[in-house]
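Shown next, in structure tokens, is the structure this report addresses.
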Amino acid sequence: MYQIIVKTDKGMGSFKNYKNAPEKFKNTQEFTKDQLKEIFKYIKEKSVAQKPINDAIIAMENNSMKYIGKWKTVAVGGYGYGGVINLFQVQEF
């Protein structure tokens with residue numbers, strides 16, 4: 001089972017208070033790997049192309065970081081147009 005903590009500009013916080021958390025998981029304390037995948041997928045789909053986000057979603061197992069989800073700014077476009085989008089990526093440790 002995994003616990004989730006959230007790092008925002010305001011510091012470390014609880015997942016249940018996180019604005020981008022799926023409603024159905026806000027009162028859950030421990031998560032299965034399948035639930036983690038669902039949470040990361042939900043956040044990824046909800047957050048594409050938003051302004052830069054410095055938040056990090058950290059999944060821990062036995063007080064050890066196993067996964068971290070965070071946003072990466074990516075340049076897109078081609079000749080004559082362009083811009084940046086922010087994509088949510090998950091890294092396993």
Could you list the chymotrypsin sites (Phe, Trp or Tyr not before Pro) in region 1-86 that lie in coil according to DSSP, counting only those with at most 13 other Cβ atoms within 10 Å of their Cβ? Tyr79
How many Å² of accessible area per residue for the chain, probe 1.4 Å? 67
Trypsin sites (Lys or Arg not before Pro) within region 7-37: which are DSSP loop residues with at most 16 other Cβ atoms inside 10 Å? Lys10, Lys19, Lys26
Tell me, rounded to the nearest percent, the portion of alpha carbon pairs in region 1-80 spaced more than 18 Å apart. 42
So the angle from the long Cα axis of helix 33-47 to the longest Cα principal axis of the chain, reported in degrees to the nearest 10, equals 30
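Please report the carbon-and-sulfur percent of the accessible area for the chain; probe 1.4 Å, protein heavy atoms only, DNA, RNA and ligands left out.
Details: 3160 of 6260 Å².
Carbon and sulfur: 50 percent of the exposed surface of the chain.
Summing -39500 (n - 2.57) over the DSSP H runs of n ≥ 4 in the chain and dividing by its residue number, what mean residue ellipticity at 222 nm do you reach, to the nearest 500 deg cm²/dmol? Intermediate values should be presented prior to the final figure.
On the way: 1 runs with 15 residues, N = 93.
After summing the helix terms and dividing by the residues of the chain, the value is -5500 deg cm²/dmol.
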In the chain, which GluC sites (Glu not before Pro) fall in coil by DSSP and have 14 or fewer other Cβ atoms within 10 Å? Glu30
In nanometres, what is the gap between the two model label sites at Asn63 and Lys26, each 7 Å from Cα along Cα-to-Cβ? 3.1
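The values are calculated or read from the model by the stated rules, or taken from the named source; none is laboratory data. What you see is a predicted model, and the numbers here were worked out from it, not measured in a lab. For neighbour counting, all protein chains shown are included, and Cβ atoms are generated from backbone atoms with ideal geometry for every residue, glycine included. Note: areas computed on protein heavy atoms with side chains; ligands, DNA, RNA excluded. Shrake-Rupley method; radii C 1.70, N 1.55, O 1.52, S 1.80 Å.
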